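Worksheet: the structure to be examined is printed underneath.
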Amino acid sequence: MTDTNISTNSKAKAIAAIVLPYLLAILASFVASGIFIAIMGFNVPKAFATILFTSFRTPNGFIQTLLKFIPLMLQALAFTVPLAAGKFNIGGEGQLIVGGIGATAVGIIFADLPLPILLPLVILAGVIFGGFWAAIPAWLLYRFGINEILTTVMMNFVSFGLIDYVATQIWRDPAAGHPTTIPIGAGGELPMLISSPPLHSGIILAIIVAVGVYIYTNRTSAGYELIATGANPRASKVYGINTRKMFLLSLIIGGGLAGLSGAIEVAGYQHRLIEGLQSNFLLLGLIIGLIAKGDNSAVPFVAFFIAVLEIGASAMQRTMMIPVEMVFIVEALVLLFVLLSDVIRRR
Amino acid sequence: MTKSIVLQMEGIRKVFGTVVALDDVNLQLNSKEIHGLLGGNGAGKTTLMNVLFGLYKPNAGKVELHGEKVEIRSPKDAINNEIGMVHQHFLQVDSYTVTENIVLGTELKSWPTLKLEVEADQIRALSEKFGLAVDPDTIMSDLPIGVRQKVEILKALYRGVEVLILDEPTTNLTPQEVDDLFESLRVMVDEGLSIVFITHKLREVMSVCDKITVLRDGQNVLTEDRENVTEKSLVKAMVGEGLNVEESVVFSSVVSGAETRWGASEFGEPVVKVEGLHAQNEDSIVVIKDCTFEVRQKEILGVAGVAGNGQQALAECLMGVCPIHQGSVIVDGMNVSETETRDLLEGGVAYIPQDRLLDGFLPTASVAHNLILGYQRNQAYSNKGFLDWKIIFQSARQQIDEYTIMTPSAGDVAANLSGGNIQRVMLARAFAHPSSFLIAHNPTRGLDIRSIDFVYKKLFERKEAGAATLLISEDLDELFRMCDRIATIYSGEIVGILEKGEFDKYEIGRMMSGVKAND
């Protein structure tokens, strides 16, 4: 009896030790940004209430939040999985775009196939194209030792050209005013879970992926090798892990995850490829990954929190005319304070 | 004749966090005395001297020079008080000449030019006077470690010292160089210096020191003239009551010379066959030249040599980490050049790397993660690619107990471990998995005597069970104590192999400096 009491007690303490710095960081960032909002002459409590509770007041707000959560979480994982092996994937948006292109291409070319065949193909194409886009920098790293930060960033710019070509030349939708492709076949669309307000089944995919990533990194021998490589590549090599292969693999997995987020945007939300679908998911993904300190199992929770802030921010802009950029300040401050709490704990 | 007291440290206390490193420690140094400061790892020897040299500020206690209280807040204060220290790891500028290294940080007579003839002459005079043969005009990187050591001592002498602290000065020296060093120390003492000699080696204390102070767990245990102590009484003082001395490997070899009762046995079949091994490092520099040797069942083959002569490359060739350019290495029937390191580990090769932080440690992962590094696909821990954390934690807790790894839990992040505990993780990992061949590179570095004894017993247990061991060590005493044969390596080449009974430290010392056995 007492034994279990002690262990649950110490477990609770351990969890508190992890969560408490986060709560303090969030509190501190709200206080700091509250000062800005007050200086700008807005109603601070009302602004914060809008930011925090928009997601939970109406079903629509909650579903909007979930829809935002899907790409944010996948983008964050696309960053943190390679990070676990010690590699930096800053090419998430390029991989998202190319994944979206792949999904769209399959969805348009095989538009007549029935859903049970076409949908898996569309999703798979997104993963494979995204993985391929990351495989190029990964191979350059493996073969020539070229720094992956540089190459993954530069591949983003290549993807901008590519999507422009696809959306204005190959499958251009002449009716649209913005570079957009024609829609994919109906069989390539993710089925709706709720029709009004609309929630597509991509959320299930995203949750499965998050659980899968957790199992891979924390429960498998292969994931162990990934973590070990990130912790100390030299020691991992001495103890028989092919670290260069792990670098390669981790970046390709990251690309696949980002590509999946592109495919879900296409198959679930837009049903076509629209230039600009990458939004600012890359930067938010990096912030989420960093706030989670690279911990894959923390990413979904942080991603949900950031999605809440994002939805709250656009509501705040609509109803109170406070610039949406305000929420970037909050997000940046949370990151800053979380990192700061680490420094303080080390002292 | 009573000697005058040069230095007196009284009631020194130093606390790091919750650890009391020094507790009310006293030290009295007479003029013209070589004072041995003896103790195992973590006994507080170096901490005490760092207090004297102004690197640490003590929490309590005072320091007196010639009966007058002095405050030493920095190494600069120490040097102004004519206290010099030679650290275990020396700080030298490789591309500078000996003279430039020595005068660095002192006021130059020729300032602002760099005409150092006067200084060079001064250094030449010093090196002749004290028998520290060094050419002041040589570039530092051209010098072997033994000579670099002399430069470091000259550095202190050049600044004018009355008290010289030497921290484990013999670590990287051949036995001949050790003898030379001791002679120089005698000359220094005759010239009026007083010397504190930090070491954990009994034999050195007995051969060179006038007075001996033993520290244990940050406390004074014994201070005696050399005439009044024996190696036996010193060992007892160093380890305390906790160790059963009759059963101790370290102790029994001290009393009976090199031979131990664990030593002799019949050898079995060769487990490891190395033939004509050549290897290059990443920069295509030859690191191993034409090595040929065997290690048999029930045998411990030692590898002696000054650090940096290819020992690590040799270990890594046998582990399949360093690529083999020529020749063949067969370990337990596996051809190493065609076998992945992973399969070698699974096939029964264990490894204790010398650089535990760089080559064997995952700081950001948990202690349990660290204990299974290299064995993550072993059937004991994983089932169809999935890790069984319940069993991993169970065995981790067992190993934490058996190897007395000080950690709050197996899930704690490994970066919190101290150096000695990290070494215990390396040992646990190597010993806990069955192996027919073990490569142990400086396995006892950073351990206290009790843990060293534990390692030695583990090695002998393996030996009795029929396993083969390659023990690479820079500690000749360790090799003499443990090995059935000792191979000496010099710049990547095995210079000679001696059988037990032929062990001779001067013979090995000659080979360590590159002289072939039959020359």
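Here are the numbers:
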{"read-out": "Among A:32, A:303, A:267, residue whose mean-square fluctuation peaks in a GNM of chain A (springs only between Cα atoms under 10 Å)", "value": "A:32"}
{"read-out": "Prolate/oblate/rounded label for region B:5-255 (Cα gyration tensor, a/c 1.5)", "value": "prolate"}
{"read-out": "Three-way shape call for region B:120-177 based on the alpha-carbon gyration tensor, with the a/c threshold at 1.5", "value": "oblate"}
{"read-out": "Highest-fluctuation residue, A:62, A:132, A:42 considered, GNM on chain A with Cα pairs under 10 Å", "value": "A:42"}
{"read-out": "Cα-based shape type of region B:1-94, given that a ≥ b ≥ c are square roots of the gyration tensor eigenvalues and the cut on a/c is 1.5", "value": "rounded"}
{"read-out": "Charge context of residue B:329, other residues only, Cβ under 12 angstrom, K/R +1, D/E -1", "value": "-4"}
{"read-out": "Accessible area of residue A:83 in the full protein assembly, 1.4 Å probe (Å², nearest 10)", "value": "40 Å²"}
{"read-out": "Accessible surface of residue B:236 - all protein chains present, 1.4 Å probe, nearest 10 Å²", "value": "100 Å²"}
{"read-out": "Max mean-square fluctuation residue, GNM over chain A, Cα-Cα springs under 10 Å, options A:110, A:247, A:69", "value": "A:110"}
{"read-out": "Relative contact order [Cα under 8 Å, 6+ residues apart], region A:1-156, whole percent", "value": "17 percent"}
{"read-out": "Structure-based [θ]222 nm, the protein assembly as shown - -39500 (n - 2.57) summed over DSSP H runs of at least 4, per residue, nearest 500", "value": "-15500 deg cm²/dmol"}
{"read-out": "Euclidean distance of C-alpha centroids, region A:99-162 and region A:42-70, integer Å", "value": "33 Å"}
{"read-out": "Cα centroid of region B:488-508 to Cα centroid of region B:129-147, whole Å", "value": "25 Å"}
{"read-out": "Partners for residue B:273 among lysines (Cα-Cα distance below 25 Å; same-chain residues under 8 apart left out)", "value": "A:237, B:289, B:298, B:458, B:463, B:500, B:516"}
{"read-out": "Alpha-carbon centroid distance for the pair region A:234-278 / region A:197-212, whole angstrom", "value": "17 Å"}
{"read-out": "Proximal charge balance of residue B:89 [Cβ under 12 Å; K/R count +1, D/E count -1]", "value": "-2"}
{"read-out": "Percentage relative contact order, chain B, counting C-alpha pairs under 8 Å, at least six apart", "value": "15 percent"}
{"read-out": "Charge sum, other residues only, whose C-beta stays under 10 Å from residue B:174's C-beta, Lys/Arg counted +1 and Asp/Glu -1", "value": "-1"}
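The values are calculated or read from the model by the stated rules, or taken from the named source; none is laboratory data. Being a predicted model, the structure only gives us computed values, none of them experimental. With ideal geometry, Cβ positions are generated from the backbone for all residues, glycine too; neighbour counts draw on all protein chains shown. Keep in mind that these areas ignore ligands, DNA and RNA; they rest on the heavy atoms of the full protein, side chains included. Shrake-Rupley method; radii C 1.70, N 1.55, O 1.52, S 1.80 Å.
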